[in-house]
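For reference, the structure discussed in these notes is given below.
The values are calculated or read from the model by the stated rules, or taken from the named source; none is laboratory data. Just so you know, these numbers come straight off a predicted model, no measurement behind them. No Cβ is skipped: glycine too gets one built from the backbone with ideal geometry, and neighbour counts run over all protein chains shown. We work out accessible area using only protein heavy atoms, side chains counted, and drop any ligands, DNA or RNA first. Shrake-Rupley method; radii C 1.70, N 1.55, O 1.52, S 1.80 Å.
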Amino acid sequence: MKILFASAEVAPFSKAGGLADVIGSLPKELEKDAQIAIFTPLHGCIDKEKYGIKELENSEMWISFGGNLQQKFNLYMTKLPGTDINVFFIKNDWYFTPFKEVYPKYLDPRYEHERYISFSLAVMEYAKALNFRADVIHANDWHTAMLPLYLHSNYKFDDFWKNTKCVFEIHNLAYQGVWFEDVIDFANMRKDIVYNQWGCEHYGRVNWMKGAINYSDRVVAVSPTYSREILGGEYGEGLDYTLRMSQNKLRGILNGIDYSIFDPKKDKALVKNYDIKSLELKDENKKAVCKYFGLKYNPDRPLIALISRLVGQKGIDLIRDMQWELQKLDADFVFLGSGDEAYENLFIWLSNNTSNIRAYVGYDAKLANLIYAGSDFFLMPSKFEPCGLSQLIAMRYGSLPIVRATGGLEDTVTGYPLDNSNGFKFWRYNGWDMLGAIKCAIGVYQDKFVLDAMRKSALAADFSWKKSAKQYLDMYREITGIK
Ligand code: ADP
């Protein structure tokens, strides 16, 4: 079976969030059962030398878009580290090469649409040129949501693609790719087929995600709870009706993490490696984190971490609401994140004006791993959370998550004081409820027996890809009929 993955980001080459981790790790688990190709843009931030990314011979291709605009593309390739999987990077000097970030801020939305339309069309053309006749195209989030639409319109009667099925995966329903009708002309897409309420038209605008939901053979949400939540108005982001209509093809499959990458026993970012049998060594990392942030190390005082994109979804508002209360707690906090300016400013202010809160505003993967290892608790007060990988990584490093029970957080964290609990939960989106859960965690910290048991159940939990990869494979088999 041949599977084509298309994604805006792929770890370790380019990463802004959890999507990259998923595309960089799920294919590894599928490799023995399927032939896989991954397509992603060659962003300006990708280090070609480091990963041995080379241009393919005679790869230049010109594609024309609406208004007869011609764009030049080139194709680069390397293997996904540790595997035999081909990763193809599509290069375009107008849309992708100039940017050092995967998602640059302040782009003109129309230009943003053009970037991913051109990428998606180039994926279709290059796959054909490479003779990679995929049995399934697995598209992810709005950036590649055009693929099922192309497959259903322009390429519907193309012999090459006629047997290809499509899976569309929703990693985050909040970003849908909405713009005016004229982007369809730019995309050279058959408007007569796709621009209606059963396609991608949504309240008089183009909505790529709606189109992808309507035209895919299966729609996957990244956790069972999220797949139920999005059917209602509160989490449905205006697409709940479309999703309810597509319930028969909607699945909720939990993300996993790559246990060979996130491994406290081997991780080079740590000052001291440890595992379930040598948990006491974790404290050396706590000392290093305290030193880095200028906090006084105190084994009797818990260290609570937060590592996140700083956007509304992540519940930073609750931290803002509770900032005075947090300062009174017998605990230290370290925050690592970047994103919306208001939240960044809040973190900088707290870092400069409190005795127990420190922040690093920016993106630093190595520091993130050290913090996972050095912290006692990991705070994730998300307003909504499709799956969430950070809490899985935290548990893998023995840092107990304190979470709002929504989406994947509800599915993966067992809240104290249940059997085998591995974290703390609160339910209502409310600062006081979050504070209650934090206070509960601080209380448990003083009971070393319970703390140790909880850490051990967090470390023993299995969130690797094994189980979920099988669910994906079964789904591919179901839609293609290939055994
Ligand atoms: P999302 O995909 O919504 O951002 P996830 O929890 O699924 O959230 O994944 C976030 C990933 O990005 C985690 O691996 C987390 O460690 C990482 N991450 C987020 N912000 C930063 C940051 N500022 N520096 C380093 N890593 C970060």
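Brief remarks on what is shown
- Going through (1) farther than 18 Å from residue 399 by Cβ; (2) touching a helix residue (DSSP H, G or I) at 6+ places or on another chain (Cβ under 9 Å) one by one, residue 309 falls short only on (2).
- In segment 73-108, the residues that are among the β-branched types (Val, Ile, Thr) and open to solvent by 20 Å² or more (accessible area, probe 1.4 Å): 83, 97
Residue-by-condition table, conditions (1) without any contact (Cβ under 8 Å) to a residue 40 or more places away in the chain; (2) surrounded by fewer than 24 Cβ atoms within 10 Å (Cβ to Cβ); (3) closer than 16 Å to residue 222 by Cα; (4) of a type in the set (Ser, Thr, Tyr):
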| residue | (1), (2), (3), (4) |
| --- | --- |
| 137 | no, no, no, no |
| 140 | no, no, yes, no |
| 143 | no, no, no, no |
| 147 | no, no, no, no |
| 150 | yes, no, no, yes |
| 154 | yes, yes, no, no |
| 160 | yes, yes, no, no |
| 165 | no, yes, no, no |
| 170 | no, no, yes, no |
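- Of the numbered criteria (1) modelled with pLDDT of 95 or more; (2) out of contact with any strand residue (DSSP E or B) (no Cβ under 8 Å at 6 or more places or on another chain), the one residue 41 fails is (2).
- Residue within segment 348-359 that is within 21 Å of the chain's Cα centre (by Cα), more than 8 Å from the ligand (Cβ to nearest atom) and farther than 22 Å from residue 442 by Cβ present: no
- Criterion violated by residue 419 - all others in (1) within 18 Å of the chain's Cα centre (by Cα); (2) surrounded by fewer than 16 Cβ atoms within 10 Å (Cβ to Cβ); (3) over 28 Å from residue 297 (Cα atoms) satisfied: (1)
- Count - residues of segment 8-22 that are part of a helix (DSSP H, G or I), more than 7 Å from the ligand (Cβ to nearest atom) and small (Gly, Ala, Ser): 1
- Residue that is nearest to the ligand (Cβ to nearest atom) [pool: residues in segment 308-332 that are farther than 22 Å from residue 16 by Cα and open to solvent by 30 Å² or more (accessible area, probe 1.4 Å)]: 320
- Applying the set (1) closer than 30 Å to residue 167 by Cβ; (2) open to solvent by 60 Å² or more (accessible area, probe 1.4 Å); (3) without any contact (Cβ under 8 Å) to a residue 60 or more places away in the chain to residue 349 leaves exactly one unmet item: (1).
- Among the residues making up segment 40-67, a single one is among the β-branched types (Val, Ile, Thr) and either open to solvent by 50 Å² or more (accessible area, probe 1.4 Å) or over 21 Å from residue 100 (Cβ atoms) (or both): 63.
- Condition met for residue 29 (farther than 24 Å from residue 187 by Cα, in contact with a Phe, Trp or Tyr (Cβ under 6 Å, 6 or more places away or on another chain) and open to solvent by 20 Å² or more (accessible area, probe 1.4 Å)): yes
- Some residue of segment 333-345 being open to solvent by 50 Å² or more (accessible area, probe 1.4 Å), within 16 Å of the ligand (Cβ to nearest atom) and among the acidic types (Asp, Glu): yes
- Test for residue 70: is it open to solvent by 10 Å² or more (accessible area, probe 1.4 Å), within 30 Å of residue 185 (Cβ to Cβ) and not hydrophobic (A, V, I, L, M, F, W, C): yes
- Given (1) under 29 Å from residue 234 (Cβ atoms); (2) open to solvent by less than 10 Å² (accessible area, probe 1.4 Å); (3) not small (Gly, Ala, Ser), index of the condition residue 123 fails: (1)
- Among residues of segment 378-412, those that are under 13 Å from residue 426 (Cα atoms), open to solvent by 10 Å² or more (accessible area, probe 1.4 Å) and more than 11 Å from the ligand (Cβ to nearest atom), counted: 4
- Any hit, segment 267-279, residues being open to solvent by 80 Å² or more (accessible area, probe 1.4 Å), in contact (Cβ under 8 Å) with a residue 12 or more places away in the chain and either β-branched (Val, Ile, Thr) or in contact with a Ser or Thr (Cβ under 7 Å, 6 or more places away or on another chain) (or both): yes
- One residue stands out among those in segment 273-307 that are assigned to a loop (DSSP other than H, G, I, E, B) and hydroxyl-bearing (Ser, Thr, Tyr): the one that is farthest from the ligand (Cβ to nearest atom), which is 297.
- Residue among 462, 433 that is surrounded by fewer than 19 Cβ atoms within 10 Å (Cβ to Cβ), at pLDDT 95 or above, on the phi < 0 side of the Ramachandran plot and not in a strand (DSSP E or B): 433
- Given (1) touching a residue at least 24 places away in the same chain (Cβ under 8 Å); (2) out of contact with any Gly (no Cβ under 8 Å at 6 or more places or on another chain), number of the condition residue 9 does not satisfy: (2)
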